[in-house]
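Below: one structure, written as structure tokens.
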Amino acid sequence: MNGQVLEVVVDGRFGPDLTAALSEFDVEPVGGGRTRIVGRVPDQAKLFGLLELLDELHIEVISVNRLPPEEISSLRGDA
């Protein structure tokens with residue numbers, strides 16, 4: 001199952017350790033002191049696991065969005 005490609009935007013910046021822990025996702029800083037996490041999520045369990053991790057670290061989730069097909073081709077491994 002391929003799942004969906006999702007974008008999770010959170011408040012704050014990630015250091016190298018947290019970025020490395022999310023190695024299956026593309027993690028990049030965006031404007032306003034926020035971080036964008038993008039990656040393929042095969043099922044709800046994977047999504048809930050990511051959201052639970054962020055909650056345990058007290059990282060505020062701003063939004064969770066499904067990416068449109070035109071944005072997916074630019075992701076690592078999908079070209």
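What to note about this one:
- With respect to the chain, whose longest principal axis is taken over its alpha-carbon atoms, helix 44-56 is tilted by about 10°.
- Relative frequency of Cα-Cα separations exceeding 16 Å in the chain, percent: 48
- In the chain, the calculated helix contribution to ellipticity at 222 nm averages -7500 deg cm²/dmol per residue, counting -39,500 (n - 2.57) for every DSSP H run with n ≥ 4.
- Label-to-label distance, Val30 versus His58, with points set 7 angstrom from Cα along the beta-carbon direction: 2.5 nm.
- Working note: Karplus 6.51/-1.76/1.60 with θ = phi - 60° gives the range 4-21 the couplings 10, 9, 10, 10, 10, 10, 10, 7, x, 10, 9, x, x, 5, 5, 4, 5, 5 Hz, where Gly and Pro are set to x.
- FRET efficiency for the Asp11 to Leu67 pair, using the beta carbon distance and R₀ = 22 Å, is estimated at 0.65.
- For the chain, accessible area per residue (1.4 Å probe, heavy atoms of protein chains only), Å²: 64
The values are calculated or read from the model by the stated rules, or taken from the named source; none is laboratory data. Quick caveat: nothing in here was measured; it's all calculated off a predicted structure. No Cβ is skipped: glycine too gets one built from the backbone with ideal geometry, and neighbour counts run over all protein chains shown. The protein model used for the area step is the full one, side chains on, heavy atoms only, and it has no ligands, DNA or RNA in it. Shrake-Rupley method; radii C 1.70, N 1.55, O 1.52, S 1.80 Å.
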